[in-house]
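These notes are about the structure you will find just below.
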Amino acid sequence: MTYDELLDRLWMFDSEVFAHDHLFVFINYRTGEEVALHNAKPDDYVTFFDKYNPILCGFNAKSYDNYILQAILNGYSPEEVKKVNDFIIAGANGYELGMPYTEIPTVWDVFLEINPRKSLKELEGNMRLDITETTIPFDLPTKLTDGEYQEVLYYCEHDVRATKEVFDRLKNKYKSKYIIAKLGKLNPEKALAMTDANLTAALLGAERKEHKDNFIYTYPDV
């Protein structure tokens, strides 16, 4: 599969979670086609995945949006999804929730490609994009009204488009990772989802070793 063929399948995405509502917005990288799923059921997501076979690209998605998506695919109610959201926002790791495993499309996370780490709002400001936040508080206790939903949708769409802008500035870096993946005979779709360190380890055939201290390192003889 060529790099351009991977980009043909790329969908930028973001999610928003409230007490009684959850929203995912997906926008196709090439065509700009948009799919918004508000309080949708697992079957709605499966239909989207089956139709487009997407590669998803988000901002900090591996630490947050992945788990929100898995919760929805596991049939969690909006209120249960909010508990997942609050658990992660409080600083915990999503994998600590012990949710049943649910396969989701491959996710590329542009946040992991940026050093030093920056928030999306910082990057939006640096790219001279609008950094206005939604006026709808995330601790809103009631279900979204139609007007509130439209505002949430607008700002979610904005962040998805901003993620595309970030990806465009990293496109050459992703292409470099693609070339490395081909040299190492690795699956490029999966390779571009790896961090630089993980991709390097895969390329060199490194093996995971159990350890208790990251700072204890035994140098090779050669």
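Every read-out reported here was derived from the displayed coordinates using simple, explicitly stated rules and does not represent laboratory data. Note that the structure is a prediction, hence the values are computed from the model and not measured. Every residue, glycine as well, gets a Cβ built from its backbone with ideal geometry; the counts of neighbours run over all protein chains shown.
Here the dipole of segment 28-125 is about 180 debye; that uses its Cα centre as origin and unit charges on the Cβ of Lys and Arg (positive) and Asp and Glu (negative).
Principal axis analysis of the Cα atoms in the chain yields extents of 65, 40, 36 Å, listed in decreasing size.
Taking every C-alpha pair closer than 8 Å and separated by at least 6 residues, the mean separation divided by the residue count of the chain gives a relative contact order of 23 percent. In the chain, the longest principal axis of the Cα atoms and the axis of helix 42-52 are about 60 degrees apart.
Close amide H contacts of ASP14 (hydrogens built in the peptide plane, cut-off under 5 Å, sequence separation of 5 or more or a different chain): VAL25. For ASP168 and TYR95, the FRET efficiency from 1/(1 + (r/R0)^6), where r spans their Cβ atoms and R0 equals 41 Å, is about 0.85. Taking PRO54, PRO141, PRO116 in turn, the Gaussian network model of the chain (Cα-Cα springs below 10 Å) assigns the largest fluctuation to PRO116.
For the peptides 7-16, 204-213, the ranking by packing is 7-16, 204-213, with the highest mean count of neighbouring Cβ atoms within 10 Å listed first. The DSSP beta bridges internal to segment 1-154 are antiparallel in roughly 70% of cases.
Taking 1 over the mean of 1/r across every pair of different Cα atoms in segment 1-86, what Kirkwood radius in Å do you get? About 13.3 Å for segment 1-86. Cross-link pairs exceeding 26 Å between alpha carbons, from the set LYS41/LYS62; LYS121/LYS185; LYS118/LYS177; LYS62/LYS171: LYS121/LYS185. Shown is the FRET efficiency for GLU80 and THR47, computed with R0 = 25 Å from the Cβ-Cβ distance and rounded to the nearest 0.05: 0.70. Extension gain, TYR217-GLU5: 0.36 nm per intervening residue step, less the Cα-Cα distance, totals 72.3 nm.
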